[in-house]
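Contents: one structure, followed by commentary.
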Amino acid sequence: MLVNDHFNPRPTDIIVATSPKCGTTWLRALVFSIYNRSSFDFSDHPLSKNNPQELVPFLDGCIQVDGSTSFIDGFPSPRLLSTHLPYSLFPQRMTDDASGCRFVYICRDPKDVLISKWHFANKLRPKDLPPITLDEAFDSFCEGVSHYGPYWDHVLVYWKASLESPKKVLFLKYEDVKKEPGDCVRKVAEFLGVPFSPEEQNDKIVEDIVKLCSFENMSEQDVNKNETRNSKRPISNADFFRKGEVGDWVNHLSPQMAETLDQITEQKLQGTGFSFR
Ligand code: A3P
């Protein structure tokens, strides 16, 4: 396994972890702007010139097939990295409490994840192939056929880790961040060891971060409107911004589909102490 064999973690590494379409782009922006808040002016912020993927690169994608990690090895500490890998695939030298690496995880209602994935998959689909139907996407999702493994398993492995090692894994829900973004920003800052001082609170910096990273602001940045695609880069920056809403599934799933998905979720989460509600 590439990460196990080749990645050299540093105790200061901060890893934004998600299953695809749960808010990776948003969380990257939040973590970047929270952690680096004293280094940049909000009126000329790196997030207005760079897609969050460039600022918080994929750890999984930075390891070359020959095992070379020179790109991330050259990053100054603390490194802000991102991953879709399940927690169980990280080596013990990263998941041990003593290792120092920290993970910030975000999950989302499976019904919204499915709809977001379905739209995204069709955006990336070669034009000469028929679009994936919602029925097809639904069946695959329910069967657990997802990149990086069945969605519920992905969530639960991070959930359990957050209970066992709350200083190592911070577990967030997309819906909570939408509802109370300021609380989430404060929670992340606290977790990362850079809590807001009373002076910062007075300066309304929390609100500035929330606004900077909001869907409304980010999706309006020229860099995030870029739709460039080619054989080397089939995914455009714009593909990561669609609606950014909670509950868009009602516009797509039949009541029967929603009920089936809710039942699967209830079954999978039974006895874990976790709920998407
Ligand atoms: P929708 O397809 O439901 O709109 P990821 O970044 O993990 O690929 O997730 C993409 C989802 O997050 C998309 O959801 C996208 O619109 C939403 N998103 C992107 N930026 C966001 C932001 N700043 N605030 C809230 N949601 C955001």
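The values are calculated or read from the model by the stated rules, or taken from the named source; none is laboratory data. Every value quoted in this text rests on a predicted model; they were computed, and no experiment measured them. Using ideal geometry, Cβ is built from the backbone for each residue, glycine included, and neighbour counts are taken over all protein chains shown.
Below, the figures for the structure above:
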| read-out | value |
| --- | --- |
| Any hit, the range 35-57, residues being away from the ligand (no atom under 15 Å from the Cβ) and within 17 Å of the chain's Cα centre (by Cα) | yes |
| Index of the failed condition, residue 187 passing every other in (1) out of contact with any strand residue (DSSP E or B) (no Cβ under 6 Å at 6 or more places or on another chain); (2) closer than 26 Å to residue 158 by Cα; (3) in contact (Cβ under 8 Å) with a residue 60 or more places away in the chain | (3) |
| Boolean, residue 189 is crowded, with 17+ Cβ neighbours inside 10 Å, among the aliphatic types (A, V, I, L, M) and modelled with pLDDT under 95 | no |
| Filter result (in contact (Cβ under 8 Å) with a residue 40 or more places away in the chain and out of contact with any Asp or Glu (no Cβ under 7 Å at 6 or more places or on another chain)) within the range 90-104 | 90, 91, 93, 94, 95, 97, 99, 100, 102, 103, 104 |
| Residue under evaluation residue 159, criteria (1) crowded, with 19+ Cβ neighbours inside 10 Å; (2) in a helix (DSSP H, G or I); (3) within 16 Å of the ligand (Cβ to nearest atom), criterion not met | (3) |
| Those helices (runs of 4 or more DSSP H) lying entirely in the range 188-271 with at least 3 residues under 18 Å from residue 47 (Cα atoms) and within 16 Å of the ligand (Cβ to nearest atom) | 205-212, 215-218, 222-225 |
| Criterion (modelled with pLDDT under 95, closer than 24 Å to residue 145 by Cα and more than 16 Å from the ligand (Cβ to nearest atom)) met by exactly one of 90, 7 | 90 |
